[in-house]
Amino acid sequence: MTAESIDDVDGIAEVGDTGDIDAEEFAESAPCTFRIGDPGSHEEVLPRLALPAEPHAEYGNFPVPVCPGWRKPDTVFDGARHGSLTVRAASTRGDGHRHGGTPRQDDYCLYGTDDWLVAAVADGVSQGALSHLAAEAAAETGCHALATQLRAGVAPEELDCESVLRDSAKAVVRAVHHSLARETGETGVLPLGAVAQLASAAVVYAVVPAGAAPEAGREALLLWVGDVTAWTLSDAKGWLPLTELKADGGKKVVTGTTAALPLLGRESWHRAMFTLAADEVVVLMTDGVGDALGDGSGEVGTALHSVWRRPPEPHAFAAQVDYQRSTFTDDRTVVGIWAS
């Protein structure tokens with residue numbers, strides 16, 4: 001991928017001379033949070049690192065994520081151009097995990113070949129203590145497996161998706177065994193069901209042509225397991241789901257169960273071809289955003305539509321993914337791919 005020029009992006013803070021704006025005015029005019037409706041108690045959640053309330057109090061009175069070596073950052077994000085595509089990606093720890101000192105269980109991966117952009121968004125199942133490892137392994141391994149086939153000349157509609165998912169499932173199993181061996185010295189082989197109890201993840205992959213868009217639009221592929229979602233977004237049509245929705249208008253969750261790797265049944269995964277028009281963006285997301293988005297017609301859908309009509313500056317995109325809204329405290333991960 002090549003770095004995107006930001007010469008024409010509005011709202012970039014410059015280091016050095018800020019003209020006639022003093023520091024306090026600048027800070028007040030550029031808040032670091034993105035709120036949709038009532039943010040609820042989000043502002044009361046402890047920051048990732050916090051100094052003790054009393055200067056001489058014992059350090060350590062804040063929740064540290066209980067993952068090995070504290071390897072999982074609170075928030076990661078990317079912005080790039082690949083061919084004629086613009087991509088934005090962000091994954092942020094939800095306030096529920098921030099408050100409890102547990103790691104972000106979501107992840108994403110971006111992989112570019114000469115002709116294709118491969119993207120993944122993965123959502124670790126919250127019940128698993130090591131599900132953050134499952135999300136990372138599923139996203140990265142699946143993207144690499146898809147890119148390998150594409151480089152060999154396999155067309156998207158002919159990709160061996162089942163082998164991609166098998167590779168990803170095996171990567172989850174390896175990640176769990178490696179973690180247990182490193183942390184506890186346990187080198188035995190766990191049954192697949194036991195691994196899934198410790199670490200599992202829903203995941204969605206997208207394969208999008210990176211060349212110049214034909215007039216009829218780009219033919220792209222989606223592959224997914226579980227309750228992650230994919231959408232197209234445009235001014236003319238608004239939010240259109242490409243995958244099955246689990247939430248009703250962002251108000252009522254229909255089901256709390258999901259298919260997830262490393263368990264892989266014949267009916268647990270889906271693939272679909274779709275057309276990405278020149279004026280559209282395809283958006284992959286975990287349910288931390290998808291549940292609040294609902295069918296796209298509510299307050300969250302309207303707010304995100306207004307800021308994602310064109311690619312935001314990468315830092316702004318991360319703040320928008322980490323929006324504050326009452327009762328929605330899950331991890332959030334989004335990858336957006338703009339076709340123009």
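Please list L240, L293 in order of solvent-accessible area, largest first, computed with a 1.4 Å probe with all protein chains present.
Largest to smallest exposure gives the sequence L240, L293.
What is the range 108-236 by shape, rounded, prolate or oblate, if you read a ≥ b ≥ c off the alpha carbon gyration tensor as root eigenvalues and call it rounded for a/c under 1.5, prolate for a/b larger than b/c, and oblate otherwise?
prolate
What order do you get for 149-158, 315-324, 119-128, 94-103 when each peptide is scored by the mean count of other beta carbon atoms within 10 Å, highest first?
Per-residue Cβ counts within 10 Å, averaged per peptide and sorted highest first, yield 119-128, 315-324, 94-103, 149-158.
So for C143, C109, what's the accessible-area order with a 1.4 Å probe, most first?
Accessible-area ranking of C143, C109, largest first: C109, C143.
Which of rounded, prolate, oblate describes the range 201-340, given a ≥ b ≥ c as roots of the alpha-carbon gyration tensor eigenvalues and a/c under 1.5 marking rounded, otherwise prolate only if a/b is larger than b/c?
oblate
Rank these residues by their accessible area, most exposed first, probe 1.4 Å: D331, D235.
D235, D331
Over the range 252-323, average the accessible area per residue using a 1.4 Å probe and give it in Å², no decimals.
45 Å²
Computed FRET efficiency, Cβ-Cβ of D74 and A155, R0 25 Å: what is it to the nearest 0.05?
Working: r = 39 Å, r/R0 = 1.57.
It comes to 0.05.
Where a ≥ b ≥ c are the square roots of the eigenvalues of the C-alpha gyration tensor, would you call the range 276-326 rounded, which needs a/c under 1.5, or, failing that, prolate if a/b is larger than b/c, or oblate?
Cα axes put the range 276-326 in the oblate bin.
Length gain on complete extension for the stretch S297 to T275, per 0.36 nm per residue less the alpha carbon to alpha carbon distance?
Gain in length upon complete extension: 5.7 nm.
If packing is taken as the average number of other Cβ atoms within 10 Å across a peptide's residues, how do 286-292, 262-268 rank, most packed first?
286-292, 262-268
The values are calculated or read from the model by the stated rules, or taken from the named source; none is laboratory data. Quick caveat: nothing in here was measured; it's all calculated off a predicted structure. Because the Cβ atoms are built from the backbone with ideal geometry, glycine has one as well, and the counts that use them run over all protein chains shown. The area values use the complete protein model at the heavy-atom level, side chains included, leaving out ligands, DNA and RNA. Shrake-Rupley method; radii C 1.70, N 1.55, O 1.52, S 1.80 Å.
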